[in-house]
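The values are calculated or read from the model by the stated rules, or taken from the named source; none is laboratory data. Every value quoted in this text rests on a predicted model; they were computed, and no experiment measured them. Glycine also receives a Cβ, built like all others from the backbone with ideal geometry; neighbour counts cover every protein chain displayed. In case anyone asks, the SASA skips ligands and DNA or RNA and just uses the protein heavy atoms, side chains included. Shrake-Rupley method; radii C 1.70, N 1.55, O 1.52, S 1.80 Å.
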Amino acid sequence: MEVVLGFIMLLITLFIRYIPTFIAFKKNKHNKFIVLIVNILLGWNILGWLAALYLALKKDKRNMLAENKYNA
């Protein structure tokens with residue numbers, strides 16, 4: 001039973017750690033692989049995880065350029 005509980009806790013921890021990567025791939029961000037690399041290398045640290053989350057949530061430049069093109 002302890003092994004199963006430990007495995008479940010490991011899965012929950014990994015899921016929480018890679019939330020920024022899941023968001024980036026779900027939104028099909030242009031920098032999704034950068035988010036993945038930052039998350040793998042620095043995600044263990046809260047600042048690295050927050051940096052990956054910021055990259056995953058910030059607006060794409062390609063979207064801003066398209067909006068400006070149509071608004072001009």
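The single condition among (1) touching a residue at least 24 places away in the same chain (Cβ under 8 Å); (2) on the phi > 0 side of the Ramachandran plot that R17 does not meet is (2).
Among residues of the stretch 54-67 that are farther than 13 Å from N28 by Cβ, those with a Cβ under 8 angstrom from a residue that is modelled with pLDDT of 90 or more and among the β-branched types (V, I, T), sequence gap 6+ or separate chain, pair up as L55/I34; L55/V35; L55/V38; L57/I23. The set of residues in the stretch 28-52 being open to solvent by 100 Å² or more (accessible area, probe 1.4 Å) and β-branched (V, I, T) consists of I46 alone. Considering F7, F25, the condition of being modelled with pLDDT of 95 or more and surrounded by 15 or more Cβ atoms within 10 Å (Cβ to Cβ) is satisfied by F25 alone.
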